[in-house]
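Asks: Can you keep this structure in mind? I'll have questions shortly.
The values are calculated or read from the model by the stated rules, or taken from the named source; none is laboratory data. Since we're looking at a predicted model, the values are computed, not measured. Here Cβ is always computed from backbone atoms with ideal geometry, including for glycine, and neighbour counts include all displayed protein chains.
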Amino acid sequence: MRRATLKPPEGNGMKRVYQKEDVCIGCRLCEIGCIVEHSPAKDVVKAFRNVSPRPEPRNIVEERGPLSFSVNCRHCDEPACLHACISGAIAKDPLTGIVGQDPEKCVGCWSCIMACPFGVIRKNGAQSKAVKCDLCAGRTIPACVEACPNRALVFEER
């Protein structure tokens, strides 16, 4: 099995979400933007009050003392999660480079969670399925980037 490197992927011309931890204030609005985007209602009040179970954020804010930053899928060039997935639920789109996940195929074995060197795939406890960032398929800018008031998240090609 090939392993993903511990540095963000580069060189294939794909836009990714990058963090600027020096301006992150730990407000977690990126997580809320993600929850709302992945809720059937697409409305913040309805997503938190009327949707059960509430969607899990596909990113998570990590905090270490005064430092905080949002962590999400790196959409690796050689994704370890893809190679570890026993059900074929994780696939890499050859055109966009997005490493996506099909919850219908996920069997909840958590192999992808164990294989990801960045720790960005999470358990969706309500459905016993893995959850990962999909770069908000269908949107020009991912919801987490759009929701960040301090522009600590950027969506760009590097």
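Asks: For segment 100-112, what are the residues that are part of a loop (DSSP other than H, G, I, E, B) and among the hydrophobic types (A, V, I, L, M, F, W, C)?
Replies: Within segment 100-112, C106, V107, C109, W110 qualify.
Asks: Here's a follow-up. Within segment 132-153, identify whether any single residue is surrounded by 15 or more Cβ atoms within 10 Å (Cβ to Cβ) and at positive phi, and answer yes or no.
Replies: Yes - at least one qualifying residue is present in segment 132-153.
Asks: Could you say whether any residue in segment 114-127 is modelled with pLDDT of 95 or more and not in a loop (DSSP other than H, G, I, E, B)?
Replies: Among the residues of segment 114-127, at least one is modelled with pLDDT of 95 or more and not in a loop (DSSP other than H, G, I, E, B), which makes the answer yes.
Asks: A follow-up question, please. For segment 66-102, enumerate the residues that are surrounded by fewer than 15 Cβ atoms within 10 Å (Cβ to Cβ) and on the phi > 0 side of the Ramachandran plot.
Replies: G88
Asks: Then there is this: Scan segment 78-124 residue by residue and report those that are of a type in the set (G, A, S) and within 16 Å of the chain's Cα centre (by Cα).
Replies: Answer for segment 78-124, where residues must be of a type in the set (G, A, S) and within 16 Å of the chain's Cα centre (by Cα): A80, A89, A91, G97, G100, A115, G119.
Asks: Here's another thing I want to ask about it. Among the residues that make up segment 133-152, is at least one of them in contact (Cβ under 8 Å) with a residue 12 or more places away in the chain and in a strand (DSSP E or B)?
Replies: No, segment 133-152 has no match at all.
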